[in-house]
Every structure is written in structure tokens, then in C-alpha cells.
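The values are calculated or read from the model by the stated rules, or taken from the named source; none is laboratory data. If you're wondering where the values come from, they're calculated on a predicted model, not measured in any experiment. As a convention, Cβ positions derive from the backbone with ideal geometry for all residues, glycine included, and neighbour counts pool all protein chains shown. We work out accessible area using only protein heavy atoms, side chains counted, and drop any ligands, DNA or RNA first. Shrake-Rupley method; radii C 1.70, N 1.55, O 1.52, S 1.80 Å.
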Amino acid sequence: KAVGLESKWNDVLEKQMRYQSLTFVFAMTIGAVVYDASLLNKGLALIGLDWTLTAEQTMKFPLFLTLLLSFGALAVALKITDIASPAQAKAKQRTFSDLVAAPIKNTLSAGAWILKTPAAFAIILCGLLFDHAVRQVLTINSEFYRQISIPEWSFGLIGAILGTSAVFFPKIGNYLVTHSSPGRNFLLLGVLAFLGLWLMSLFIPYWGAVPMILLYAAIALTGYFVSNYLNRIASSDIRATVLSFKGLSFNLAYGGIAYGFGLYVAHIRNADTSSSLDEGSIFQTAFAALPWYFAAAFAIILIYTLILRSKISHALSQQTTDEEPTANS
């Protein structure tokens with residue numbers, strides 16, 4: 001904002017998400033290759049190396065690659081410099097205790113602002129809905145693929161194909177943010193997510209993996225919309241902290257649904273006193289509840305947003321400033 005680039009945010013976000021999708025394809029492909037002991041052993045034999053890798057060894061390779069990548073991420077992060085605002089410049093003249101207390105105060109202030117600001121709370125709530133439901137499916141997608149008779153060697157390939165399709169979603173998100181209202185975009189995501197979950201719950205052999213693209217679209221567009229809309233209403237002083245609250249709430253919701261899904265699987269297993277259900281049938285029964293859970297949660301959040309529709313619309317239609325946001329935002 002200080003150098004007049006605030007209007008470029010949509011373009012930056014679109015480009016960043018496109019690069020992220022391409023990198024995801026690369027990561028999925030490499031991860032699938034190094035995880036497969038038989039494939040690596042064939043490669044070693046092909047180049048004349050008399051080595052034999054076990055599955056116990058290769059399953060750790062993705063972890064080592066992640067650690068290696070984290071060093072690169074750290075190196076990039078250390079090169080990032082911040083443009084100090086007048087308030088930050090003044091803070092440099094304060095004592096060390098002031099500098100420690102300031103971030104804590106800022107964090108509490110940002111949290112209170114979210115709770116007092118209907119638009120911010122609604123945006124995070126809507127994003128949380130789509131994020132935690134789709135991430136739960138992505139967590140158990142390997143078992144889902146097995147249930148629809150897809151061979152394990154193709155799991156990484158499917159992930160790479162879906163990741164490639166995600167390259168187009170940021171462009172779509174940019175168009176929707178510009179030409180459609182937040183309410184319509186919320187409804188669109190709801191349709192995509194529910195349709196994807198419902199079609200997957202039918203467990204159609206082989207073709208049952210196709211609806212996954214609807215879930216990829218939903219979670220990719222969710223990330224774009226949430227980032228864009230929060231950027232509009234949060235001032236730069238608290239924007240990063242607000243996004244941290246967003247990330248925390250998303251992870252808590254994801255942990256909650258993962259735990260709930262596990263409890264539901266255990267309940268189905270324990271309720272089957274005749275032992276007529278095998279593990280595959282138990283999984284399919286539990287998975288079939290996800291679309292209806294999502295529909296119920298979607299309806300509750302929809303009612304909440306409709307009640308506060310005027311306040312939310314007003315906040316999103318205003319251009320943010322670097323003044324301290326108030327509850328009226």
C-alpha cells in the first residue's frame with residue numbers, strides 16, 4: 001500500500017496459487033516415486049547399482065525431502081524484509097519489554113476484532129466449512145481409491161493430474177471475485193463441495209475418482225476467496241495476525257472432523273454385533289455421512305450469513321484503510 005501496489009493483490013494471489021499448484025504436481029510425483037520401494041529398486045538395478053531398499057526405508061524418504069525443502073523455505077523467509085509503518089518505526093524506540101508486549105497486545109486486538117466484525121467472522125467461518133470437509137476427504141483418499149478398485153501405483157498419478165487441474169482455478173477465482181458477489185460465490189462453493197462429496201459417496205468403480213476435481217476446485221477457490229475478502233477489510237497492521245487466526249481455526253476444525261470421523265467409524269464397527277460388515281463396508285458407511293454433515297453445516301452458516309447480510313455486504317464493499325479497524329467494519 002505504501003508504494004501504491006495494493007490494487008495488484010488479486011494478480012499476485014492468482015500467480016502465487018498457480019505456481020503453488022504446479023509445485024504440488026512436482027511434489028506429488030516425486031513423493032509417489034520415492035515412496036515406492038519396488039520402483040526404486042528397479043531404477044537402481046537399471047543403472048547397475050546392487051542395492052536393495054525396503055518399504056520401511058522408502059516410507060521415510062518423503063520426510064527427508066520435506067526437511068530438505070524446509071531449509072530452502074527458511075532461507076527465503078530470512079531474506080524477507082518488512083516495510084515499517086510509522087507505528088512500527090516508533091516502536092523501535094521502545095524498551096525490550098514493550099516490544100515483547102506489543103505482539104501479544106496486537107494478537108489479542110486482532111482476535112477481538114474478528115469476533116466483533118461480522119464480515120471477518122463470516123468469511124473465516126465460510127472458509128473453515130469448505131476447508132475442513134475437503135481436507136478430511138483428502139486425508140482418507142487412499143482408502144477411498146481402494147474402495148473403487150483403483151490400483152495403488154496410480155495414487156500419485158491421480159494426485160498429479162488433480163494438481164495440474166488446480167492451475168486453472170486461480171484465474172477462475174479472480175474472475176468470480178471481480179464479476180460475482182461473495183454470496184453467490186459462497187453458494188457456488190457449496191454446490192461444488194456437496195456434489196463432489198455425494199458423487200464420491202456412491203463409490204462408483206474407477207469413475208468415482210472423477211468428482212474429486214470438484215473438491216479440488218472448492219478448496220482452491222476457498223483459499224482465493226478468503227484471502228481476497230480478508231485483505232479487503234483488515235488493515236495492514238493486523239492483517240497477518242488475522243490470517244494466523246484463520247489458519248488456526250481451519251486446523252482446529254480439521255482436527256475436529258478427523259476425530260469425529262474416527263469416532264463414527266468406531267461406532268459403526270461396535271454397533272455391528274453380527275460382524276456382517278467388513279472394513280471396506282464400514283468405511284463406505286462412514287463416508288456416506290460426509291455429504292449430509294456438510295449440507296447441515298452449510299445450512300447453519302448460510303442462515304447466519306443471511307441474518308448479517310447487510311453488515312457483511314457493506315464491509316466488503318468498502319476499501320480498507322490502514323486505520324485501526326472498528327467493530328463497525
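Residue 288 meets each of the listed conditions (1) buried (at least 16 other Cβ atoms within 10 Å of the Cβ); (2) modelled with pLDDT of 90 or more apart from (1). For segment 62-101, residues that are assigned to a helix (DSSP H, G or I) and modelled with pLDDT under 80 total 12.
Residue-wise test of (1) out of contact with any Leu (no Cβ under 8 Å at 6 or more places or on another chain); (2) at pLDDT below 90.
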site	(1), (2)
199	no, no
203	yes, no
207	yes, no
212	no, no
216	no, yes
224	no, yes
229	no, yes
233	no, yes
236	yes, yes
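Of all residues in segment 263-287, those satisfying the criterion of being farther than 21 Å from residue 253 by Cβ and either of a type in the set (A, V, I, L, M) or touching a residue at least 12 places away in the same chain (Cβ under 8 Å) (or both) are 268, 269, 271, 277, 280, 282, 283, 284, 285. Reported count of residues in segment 150-208, each being open to solvent by 50 Å² or more (accessible area, probe 1.4 Å), among the aliphatic types (A, V, I, L, M) and under 28 Å from residue 40 (Cα atoms), is 2.
Within segment 135-159, residues that are free of Cβ contacts under 8 Å to residues at least 12 places away in the same chain have Cβ atoms under 9 Å from residues that are not in a helix (DSSP H, G or I) in these pairs: 152/36, counting only partners at least 6 apart in sequence or on another chain. Within segment 168-186, does at least one residue satisfy the condition of being touching a residue at least 60 places away in the same chain (Cβ under 8 Å), within 19 Å of residue 209 (Cβ to Cβ), in a helix (DSSP H, G or I) and under 19 Å from the mean Cα position of the chain (by Cα)? Yes: segment 168-186 contains one or more residues that are touching a residue at least 60 places away in the same chain (Cβ under 8 Å), within 19 Å of residue 209 (Cβ to Cβ), in a helix (DSSP H, G or I) and under 19 Å from the mean Cα position of the chain (by Cα). Out of 266, 297, which single residue is farther than 27 Å from residue 218 by Cβ, in a helix (DSSP H, G or I), at pLDDT 75 or above and open to solvent by less than 70 Å² (accessible area, probe 1.4 Å)? It is 266.
Looking across segment 69-80, the residues that are open to solvent by 100 Å² or more (accessible area, probe 1.4 Å) and over 23 Å from the mean Cα position of the chain (by Cα) come down to 78, 79, 80. The set of residues from segment 232-263 being outside any loop (DSSP other than H, G, I, E, B), surrounded by 17 or more Cβ atoms within 10 Å (Cβ to Cβ) and over 15 Å from the mean Cα position of the chain (by Cα) comprises 232, 233, 237, 238, 239, 241, 242, 261.
Selection of segment 134-156 for residues being of a type in the set (S, T, N, Q) and modelled with pLDDT under 90 yields 139, 141, 142, 149, 154.
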